[in-house]
Amino acid sequence: MVAESISVVIPALDEEGRVGDAVRSVHDDAEVIVVDGGSTDGTRAEAAAAGATVVASERGRGTQLAAGARLASGEWLVFLHADTRLEAGWAGALRSLPPQVVGGAFRFALEPTRLRYRWLEGGVALRCRLFGLPYGDQGLFARREAYSRVGGFRPLPLMEDVDFARRLRRAGPLGFPAARAFTSARRFERRGMLATSLRNLWLLGLYSAGGAPERLARLYAGRELDRPERARY
């Protein structure tokens, strides 16, 4: 039996210190496409050196993810943040999902590992179990057919993962394999776990109430509303 092919799409912006690890974590098992949104550091060179195909795109996570998906050839499409790496065995876990599963996400974990992060990781697992709503820092994935059927990623600067996951779960059951997606804890270290978690919930609430993703992206970046947004991914 021929194994299903996998493509991994990584949107990036000024991530030269991390994108190489993300690429190396998946390169042996998948086609890897890094979509750069205009980095001014060595992101593109680091991604290429790690074995990825690097392409340029207009800035914006939704735009970059959609651009990468159009170039991808895999039967499975995996969408990975540039500061996230998948643990060994992820590809086998993905291919072992039942045929009715249309997509899903890996198990959220923060890196470096700390005891105080366990409650947050547990909360993410509970959210996925109760509501079937994964976020982008878990490494979202979808079968190519399902991705196309729901319309793929929309050109949103923020909440592109929530928007996509909500549409995907309406297309069929989601799977959550045990393989972990280790995501940098930098945003929690910088602002604090509680403050960051509350801020994310606040933004999600604004989005659910009809807030424009463009405005939310500026709030996320901590910028005045009339200034250009340059959020880290």
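What the table below lists for this structure:
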read-out: Computed helical MRE - 222 nm, the chain, DSSP H runs ≥ 4 contributing -39500 (n - 2.57), nearest 500; value: -11500 deg cm²/dmol
read-out: Given 15 as the ceiling on other Cβ atoms within 10 Å, longest exposed-site-free region of the chain for GluC sites (Glu not before Pro) in DSSP loops; value: 88-223
read-out: Amide proton proximity set for R18, modelled H, under 5 Å, gap of 5+; value: none
read-out: Cα gyration tensor category, rounded, prolate or oblate, for the chain with a/c compared to 1.5; value: rounded
read-out: Region 32-92 shape via C-alpha gyration tensor axes, a/c threshold 1.5; value: oblate
read-out: E75 paired with A125, simple spin-label distance in nm, labels 7 Å along Cα-to-beta-carbon; value: 3.0
read-out: Antiparallel bridges, percent of DSSP beta bridges restricted to region 6-186 (to nearest 5); value: 30
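Where a number appears in this text, it was derived from the coordinates with a stated rule and is not lab data. For clarity, every value in this text was computed on a predicted model and none was experimentally measured. For neighbour counting, all protein chains shown are included, and Cβ atoms are generated from backbone atoms with ideal geometry for every residue, glycine included.
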